[in-house]
Amino acid sequence: MPADSLTARTRNLLQRSRPFFGQFSLWALLLTCMYLVADLGHGYPDRDKDSAVSVIGLLLPESFFSDERVFELCRWAFFAVAICWFFRVGLPVTSWLTVVFYTVVASIYWENLPWFRHKYLVPNWLLIVYAMWMQFCSTEIKTSLARGDFWRSRLFPRWVYVLSVYSIALFYTFSGYSKLLACGPGWGSGLSLQIWMQLFGNQESYVTEFVLSDRRAAAILQSGALWLECLAFAALLSSRLRIAIGLGLIGLHLAIDSSFGIDFRTNILLVALFFLPIYDLKLARPLGNDLAAA
Amino acid sequence: MSGSEDRSHGTRAELLAIGAFCAITFAVPLVVRELYPFSTPTMFSFQVEQCCVYHVIDHEGQPLSLRTFGLQLNNPHDPPVTSLGRHGYGRKSPFSIHNYGAVAPRDEVVRQVQQCLLRHPELPFVLVRQAVIGPIDSRSVGLVGESTWQIDNPLDETRTSQRLDNRQR
């Protein structure tokens with residue numbers, strides 16, 4: 001890549017805009033995380049421990065994960081610091097504490113499950129990205145709040161948005177490649193989707209009916225989902241691709257929710273927020289300059 | 001001057017942080033596969049061509065829990081993690097001979113159910129129905145095989161044998 005182009009892209013990443021999108025997306029993200037944590041149970045701590053499935057699971061003893069008091073303490077600590085962050089109190093410390101307690105609570109949950117729950121991953125990474133924003137801009141944020149011109153100040157770096165899109169895109173790309181690694185392109189043959197639908201599908205759903213009616217229809221849907229996931233990374237290449245991929249992912253989750261009842265509604269919200277053209281609206285553009293297309 | 005040096009430091013720090021974030025989130029999941037919060041989401045990575053459905057009914061025709069007889073399907077969605085010397089999940093599931101995508105042979109089912117019946121002397125026998133779901137033609141899936149077995153409680157055989165011995169005395 002020519003040096004001039006690299007410099008221009010770097011400058012573009014560091015460009016700052018007014019904080020409308022940043023602040024509203026942060027509030028949406030925190031409310032999403034609060035909903036997820038409120039919905040969490042302690043899992044199955046009475047069952048025999050199997051493997052460590054989290055970073056802290058490798059470091060801490062099993063008693064840490066089986067003690068429900070620890071889980072509840074961490075959960076309430078998360079709510080306390082997340083609310084502080086929501087109201088911009090104690091920055092940037094409260095932002096990092098929110099990351100820590102969310103990660104700990106979700107890790108405890110994973111360590112106590114005989115399966116995995118992937119819907120906690122994307123919000124976790126977005127919390128880290130937004131905590132990075134707080135880390136680098138908390139002084140300016142606090143100054144602008146004291147001056148009363150927060151909404152008019154250039155406080156939201158473009159890289160926060162780009163890293164958010166990257167985090168979501170990476171999640172789906174890895175999901176697609178996991179399937180390819182496990183089964184090759186034959187994963188999308190339609191047969192396994194029909195068997196899943198027969199066994200676990202909501203028989204009253206139109207999606208279930210459509211899949212079970214014909215193997216070719218099932219193959220088109222299953223292959224389509226596979227390649228949509230594998231190519232999710234392309235959302236970083238252009239805004240048109242990002243919108244198309246976002247709509248595809250939202251449709252995929254809605255179909256899965258309708259047919260299997262598997263709830264990824266928080267992911268639907270986050271994909272809509274970061275993949276659909278909300279950030280590109282004029283409100284987010286830097287003062288005096290048009291934001292370059294992604 | 002010091003202001004621009006500060007901004008330059010800040011810029012470099014931001015770029016380093018961005019680079020580190022991208023590198024870690026890309027590389028670590030590829031190694032660990034599933035280690036929260038690092039993950040290459042593996043849900044639905046199973047590919048199956050057939051699957052079993054079991055039903056267990058007691059001597060009065062009442063349905064019984066599959067878990068009581070180790071015939072439940074534990075986790076059809078997520079393959080177990082196998083990286084870093086691990087195999088499994090956070091917690092173990094109750095034992096089951098029902099492996100997703102596999103059809104257990106009659107002998108294995110009978111042996112498993114009889115072992116469980118030893119803990120249930122109130123059940124003289126159970127009926128176990130094994131239905132296999134798979135492709136019935138090139139377009140659709142459905143029932144491709146079905147077996148029903150009456151599996152007697154080994155305790156009942158012991159009691160019968162004892163009654164015969166007593167009569168002979």
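The values are calculated or read from the model by the stated rules, or taken from the named source; none is laboratory data. Fair warning: this is a prediction, and the values are worked out from it, not measured in the lab. Here the Cβ positions follow ideal geometry from the backbone for every residue, glycine too, while neighbour counts run over all protein chains shown. Surface accessibility is based on the protein's heavy atoms, side chains included, excluding ligands, DNA and RNA. Shrake-Rupley method; radii C 1.70, N 1.55, O 1.52, S 1.80 Å.
Relative contact order of chain A: 22 percent, from C-alpha pairs under 8 Å at least 6 residues apart in sequence.
Could you give the accessible area per residue of the range B:10-169, probe 1.4 Å, as a whole number in Å²? Intermediate values should be presented prior to the final figure.
Details: 8300 Å² over 160 residues.
That works out to 52 Å² for each residue.
All other residues with a Cβ under 13 Å from the Cβ of B:Thr82 taken together, and with Lys, Arg as +1 and Asp, Glu as -1, what is their net charge?
Values: positive: B:Arg33, B:Arg86; negative: A:Asp50, B:Glu34, B:Asp78.
The answer is -1.
Take the Cβ atoms of B:Asp58 and A:Glu204, set R0 to 30 Å, and the FRET efficiency comes out at 0.45. Estimated from helices alone, the mean residue ellipticity of the protein assembly as shown at 222 nm is -18500 deg cm²/dmol (sum of -39500 (n - 2.57) over DSSP H runs with n ≥ 4, per residue). Using a Gaussian network model of chain B in which every pair of alpha carbons under 10 angstrom is joined by a spring, one finds that among B:Cys51, B:Cys116, B:Cys22 the greatest mean-square fluctuation is at B:Cys22. Entry for chain A at q = 0.07, 0.13, 0.15, 0.16 Å⁻¹: log10 I(q)/I(0) = -0.32, -1.03, -1.24, -1.32, Debye formula applied to identical alpha-carbon scatterers, no solvent contribution. Taking the Cα centre of the range A:103-260 as reference, the dipole from Cβ charges on Lys and Arg (+1) and Asp and Glu (-1) amounts to some 600 debye.
The mean count of C-beta atoms from other chains within 10 Å of the C-beta of residues in A:42-52, rounded to a whole number, is 5. A:Asp149 contributes about 30 Å² of solvent-accessible surface, heavy atoms of the protein only, 1.4 Å probe.
Couplings for the range A:256-267, taken from phi via the Karplus curve 6.51 cos²θ - 1.76 cosθ + 1.60 with θ = phi - 60°, read 5, 4, 5, 8, 9, x, 8, 8, 10, 5, 5, 5 Hz in order; Gly and Pro are left as x. Placing +1 on the Cβ of each Lys and Arg and -1 on the Cβ of each Asp and Glu in chain A, which of A:Ala28, A:Leu254, A:Ser144 has its Cα farthest towards the positive end of the resulting dipole? Selected residue: A:Ser144.
Peptide A:176-182 has a mean of 5 when you count, residue by residue, the C-beta atoms of other protein chains within 10 Å of its C-beta. Shape analysis of the range A:116-257 places it in the prolate category; the axes a ≥ b ≥ c from the Cα gyration tensor give an a/c of at least 1.5, with a/b above b/c. The fraction of accessible area contributed by carbon and sulfur in the protein assembly as shown is 60 percent, rounded to a whole number (1.4 Å probe; ligands and nucleic acids excluded). Helix B:2-32 and the longest principal axis of the Cα set of chain B meet at an angle near 20°.
For the pair the range A:128-205 and the range B:12-90, the centres of their Cα atoms are 20 angstrom apart.
Per residue of A:119-128, how many C-beta atoms from partner chains lie within 10 Å of its own C-beta, taken as a mean?
Counting Cβ atoms of other protein chains within 10 Å of each residue's Cβ and averaging gives 3.
Taking the Cα centre of the protein assembly as shown as origin, sum charge times position over the Cβ atoms of Lys and Arg (+1) and Asp and Glu (-1), and report the length of that vector in debye to the nearest 20.
The dipole of the protein assembly as shown has a size of about 1380 debye.
For the range A:176-190, the Karplus equation 6.51 cos²θ - 1.76 cosθ + 1.60, evaluated at θ = phi - 60°, returns couplings of x, 6, 4, 5, 5, 5, 6, 9, x, x, x, 4, x, 5, x Hz by residue, with Gly and Pro reported as x.
The packing ranking of peptides A:19-27, B:144-152, highest mean first, is A:19-27, B:144-152, where packing means the average number of other beta carbon atoms within 10 angstrom of each residue.
Near A:Ser144: Cβ cut-off under 11 Å, other residues only, Lys/Arg at +1 and Asp/Glu at -1. The net charge is +4. Chain A and chain B together bury an accessible surface of about 5600 square angstrom, both sides counted, with a 1.4 Å probe and no ligands or nucleic acids included. Along the axis of the charge dipole computed for the protein assembly as shown (Cβ charges of +1 for Lys and Arg, -1 for Asp and Glu, origin at the Cα centre), the listed residues B:Gly85, A:Leu231, A:Ala218 are led at the positive end by A:Leu231. Annotation: peptides A:80-86, B:58-64, ranked by per-residue average of other Cβ atoms within 10 Å with the highest first, follow the order A:80-86, B:58-64. For chain B, the percent of C-alpha pairs falling in each 10 Å distance bin, counted from 0 to the bin holding the largest distance, reads 8, 23, 21, 17, 11, 8, 6, 4, 2, 1, 0, 0.
Using the Cβ of A:Val160 as centre and a radius below 12 Å, the other residues enclosed give a net charge of +1, where K and R count +1 and D and E count -1. Any idea how far the Cα center of the range A:20-56 sits from the one of the range A:57-119, in Å? Their Cα centres are 7 Å away from one another.
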